[in-house]
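Trainee: After the structure tokens below, expect a handful of questions from me.
Read-outs throughout are calculated quantities, based only on the coordinates presented, and are distinct from any laboratory measurement. Computed from a predicted structure; not experimentally measured. In this analysis, Cβ positions are derived from the backbone assuming ideal geometry, glycine residues included, and neighbour counts consider all displayed protein chains.
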Amino acid sequence: MTNQARCPHTFKPLEPGATVSPYTELPLPPGWSDGVTHCIAMAGARASGKSLYTAVVVKQLELLAHRHGRQVNPLDESTRDRYREVYETPLYKEMRHMAPTPQITSIDAYQRDPLIFTLGRWPDDEGEQRMHYLVLRDVAGEDLESMNPPVEELEFFRYADLIIFLFDPLKVPQISSYLQGLIPHQLGLGGNPEDVLANLEVILGDARPDLAVTISKFDTLQKLSQLPDGEWKAIMGNEGSTFRRDNGWNYDLHDQMMLDMEIDALLRYVKADKLRHQLATAYDGRGERHFFAVSALGESPTGEHLSRQGIAPFRTTDPLRWHLDQYGVFSDDEVNLL
Ligand SMILES: Nc1nc2c(ncn2[C@@H]2O[C@H](COP(=O)(O)OP(=O)(O)OP(=O)(O)O)[C@@H](O)[C@H]2O)c(=O)[nH]1
Ligand SMILES: [Mg+2]
């Protein structure tokens, strides 16, 4: 499970001791090649919730790190400034939506540079304490939905440790028709997850990084438990199911396996057959994939504004912990209970 330091832009491997990336010719942060890099890319259609998820998951990781006696910090000024301006301020200070992420070829494409955070010192695969870095790349849904996706600019996907593929349950007709009247009308829904997945396959070529297939905006589905008696109420109102409850700060493999099976069953129930089939052909026997369900907000926004009840994230760190747990980073047996 050797995870050597990788170039933060291209996610490609680096030679030991490298101080400059041979791929971008940009200097690497000091001490970079002594650390362990976790390269994570967001994927999904427009408005599937990638940027809001990015904003929220960083805050959640900060809280998680605190429990483990560590800190999650932006590595450089660029990450700090961009995280603050693009992600934190609109969501946490102005309580409004974020603008759609611009296409990667546009001048204002802030996501061309990765967001880099330090995760603190953790053992590497030989038990030696090393600095671990999280490198997150947000992507424009517009690029991933495009008939001609900018494959070259998105080549980093091939080298990612993990792709978090978000899809919006409101794009599934059987779900959205039931939700009418239960949640405020959603502005500007994006494209189909199936088209994005097909493009992602083109971008990936033969590579199959771990894929977290993640239902976003899960709060909308949880509303189905409020329907009068019926099958949806039985499914979403079942107190025993893993997707009814948050796992707090714990990460438990058994809980994750249950969640994976329950989401799979849910997708079968809503007849998301095309997506399931696409995933099976693209990944089965060729790479690891796992189902997740997250909500960055915890509540549907009304028009331009977020819920007055504030932000109540649900299971947002699960996909990241699926990857990090293999390295013992934020593993529960490490919890500093002081
Ligand atoms: N109910 C609910 N709505 C959400 C949630 N997360 C995002 N949304 C809604 O989805 C919209 C789009 O979210 P973004 O994070 O900007 O979507 P994106 O995937 O980054 O979109 P692009 O940048 O265009 O690719 C938001 O403005 C919210 O209205 C959530 O957890 N719950
Ligand atoms: Mg975005």
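Trainee: With +1 on each Lys and Arg Cβ and -1 on each Asp and Glu Cβ, how big is the dipole of the range 1-138 about its Cα centre, in debye rounded to the nearest 20?
Mentor: For this selection, approximately 540 debye.
Trainee: Relative contact order for the range 228-296: what percent, with Cα pairs under 8 Å and sequence separation of 6 or more?
Mentor: Across the range 228-296, relative contact order equals 30 percent.
Trainee: Turning to a different aspect of this structure: Give K12/K271; K59/K271; K50/K274; K12/K93 a once-over and call out the pairs whose C-alpha atoms are over 31 Å from each other.
Mentor: K12/K271; K59/K271; K12/K93
Trainee: For the chain, with a Gaussian network of springs between Cα atoms less than 10 Å apart, report the residue from L266, L224, L324 with the top mean-square fluctuation.
Mentor: Maximum fluctuation in the GNM of the chain, among the listed residues, is at L266.
Trainee: So how far apart, in nm, are the two label points at R84 and R130 if each is 7 Å from Cα heading toward Cβ?
Mentor: The modelled label-to-label distance comes out at 3.1 nm.
Trainee: Quick one: check the C-alpha center-to-center distance for the range 213-235 versus the range 8-84, whole angstrom.
Mentor: So the two Cα centres are separated by 33 Å.
Trainee: When the helices in the chain are scored as -39500 (n - 2.57) per DSSP H run of 4 or longer and the sum is shared across all residues, what 222 nm value do you end up with, to the nearest 500 deg cm²/dmol?
Mentor: About -8000 deg cm²/dmol.
Trainee: Which residue, G120, G44, G205, tops the fluctuation ranking in a GNM of the chain built on C-alpha contacts under 10 Å?
Mentor: So, out of G120, G44, G205, the one fluctuating most is G205.
Trainee: Size of the dipole of the chain about the Cα centre, Lys and Arg at +1 and Asp and Glu at -1 on the beta carbon, nothing else charged, in debye to 20?
Mentor: The calculated dipole for the chain is roughly 820 debye.
Trainee: Apply the Karplus curve 6.51 cos²θ - 1.76 cosθ + 1.60, θ = phi - 60°, to the phi angles in the range 168-183 and return the couplings in whole Hz, x for Gly and Pro.
Mentor: 8, x, 5, 7, 8, x, 5, 7, 5, 5, 5, 7, 4, x, 7, 10
Trainee: Output the relative contact order of the chain, whole-number percent, from Cα pairs under 8 angstrom with separation of 6+ residues.
Mentor: The value is 21 percent.
Trainee: For the charge dipole of the chain, defined by +1 on Lys and Arg C-beta atoms and -1 on Asp and Glu C-beta atoms about the Cα centroid, which residue among L63, T10, W232 has the Cα displaced farthest towards the positive pole?
Mentor: Final value for the positive-end residue is W232.
Trainee: Can you give the longest run of the chain that contains no trypsin sites (Lys or Arg not before Pro) sitting in a DSSP loop with at most 14 other Cβ atoms inside 10 Å?
Mentor: Looking at the chain, 1-244 is the longest stretch - no exposed trypsin sites (Lys or Arg not before Pro) with at most 14 other Cβ atoms within 10 Å.
Trainee: List the longest stretch of the chain that has no exposed loop site; here a site is one of the GluC sites (Glu not before Pro) assigned by DSSP to anything other than H, G, I, E or B, with at most 13 other Cβ within 10 Å.
Mentor: The segment 153-238 is the longest one with no such site.
Trainee: What is the distance, in nm, between label points placed 7 Å from the Cα along the Cα-to-Cβ direction at D76 and at S106?
Mentor: 2.4 nm
Trainee: Averaged over all directions, how much area does the convex hull of the C-alpha atoms of the chain cover when projected, in nm²?
Mentor: The number I arrive at for the chain is 17.1 nm².
Trainee: Looking at G298, S78, A109, which one has the Cα that reaches farthest to the positive end of the dipole of the chain (charges on Cβ: Lys, Arg +1; Asp, Glu -1)?
Mentor: In the chain, that residue is G298.
Trainee: Length gain on complete extension for the stretch A234 to D34, per 0.36 nm per residue less the alpha carbon to alpha carbon distance?
Mentor: Net length gain for the segment: 66.9 nm.
Trainee: Let me ask another. For the pair N247/T281, report the inter-label distance in nm, with labels modelled 7 Å from Cα in the Cβ direction.
Mentor: Once both label points are built, they end up 3.1 nm from each other.
Trainee: Return one number: the angle in degrees, 0 to 90 and rounded to the nearest 10, between the long axis of the Cα atoms of helix 273-283 and the longest principal axis of the Cα atoms of the chain.
Mentor: The answer is roughly 20 degrees.
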